[in-house]
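**Student:** Below is the structure I would like to discuss, written out as structure tokens.
Read the figures in this text as sums done on the coordinates, not as results from a lab. If you're wondering where the values come from, they're calculated on a predicted model, not measured in any experiment. Here the Cβ positions follow ideal geometry from the backbone for every residue, glycine too, while neighbour counts run over all protein chains shown.
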Amino acid sequence: MEERMAALRCYQIQDPFSWKSRWAQAFEKEGPVYLELGCGKGQFLTTQALRDVSKNFVGIEGQDSVLLRALEKTDEKEIANIRFAHLFVRDIRDLFDEGELSGIYLNFSDPWPKKRHMKRRLTYGEYLLRYRQVIKKDGFIAIKTDNDDLFDFTLEEIQRTGLEIREMTRDLHNSSYKAKEITTEYEDKFRAAGNPIHYVMV
């Protein structure tokens, strides 16, 4: 695996913390930078990047075997506007400067179902406020999940932190929102099982 990862270094950001305030320089062309936090095997990110070639995308993933699949997808499709970082993020502000991102995608994050673990959920209020700090004023946080409890928790945290909901539905693929057009691997799996996909953008 290490050899395969090394062969795809051109898509990876080494020492990502050192890129704070200069992520735009990591790409071949200028453009707004978007982040998928927990990018998984890369279906969503690679599809998004091919559709929006004027935009740049960062995928962060902590599991190396999963990240490798995303790297391989990117290489197979020769996508120039994606960079990946291999790490688990504790504080997004350590990686990105204020207003450095144009948007953040949180797709099917770990629900951490036990109440004592609620502060580990990526939609915990304090995390949402940190995301807001590194996003431009007109930027967004887009969240998808099939988990009812996590979605309810997320809506409560959005209300608690005073963030404004722009779009929201408990059944994305029976809505008119464009967010349904690009899916993740999990999204396809859950839809095939008949589970509605919940979505909110702030």
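**Student:** Tell me the label-point distance for the pair Ala192, Asp64, using the 7 Å Cα-to-Cβ offset, in nm and rounded to one decimal.
**Tutor:** Label-label distance for Ala192 and Asp64, simple model: 2.9 nm.
**Student:** Starting from the 7 Å offset along Cα-to-Cβ, what nm value, one decimal, do you get for the label separation of Glu3 and Glu98?
**Tutor:** 4.9 nm
**Student:** Calculate how steeply helix 125-134 sits against the longest principal axis of the alpha-carbon atoms of the chain, using the helix alpha-carbon long axis, and give the answer as 0 to 90 degrees to the nearest 10.
**Tutor:** The answer is roughly 40 degrees.
**Student:** Once you have the Cα-Cα distance between Glu78 and Leu50, take 0.36 nm times their residue separation minus that, and quote the gain in nm to one decimal.
**Tutor:** Answer, rounded to one decimal: 9.1 nm.
**Student:** While we're looking at this one, here's another question. What is the ratio of the Cα radius of gyration of segment 93-202 to 2.2 N^0.38 Å, with N the residue count, to two decimals?
**Tutor:** It is 1.05.
**Student:** Which three extents, in whole angstrom, do the alpha-carbon atoms of the chain cover along their principal axes, largest first?
**Tutor:** The principal-axis extents, from largest down, are 42, 37, 34 Å.
**Student:** Still on this structure: Under 19 Å from a label point 7 Å along Cα→Cβ of Glu167: give me every residue in segment 109-138 with its amide N that close.
**Tutor:** Answer for segment 109-138: 109, 132, 135-138.
**Student:** Could you calculate the FRET efficiency of Lys115 with Phe88 from 1/(1 + (r/R0)^6), where r is the beta carbon distance between them and R0 is 30 Å, rounded to 0.05?
**Tutor:** In this case the efficiency is close to 0.85.
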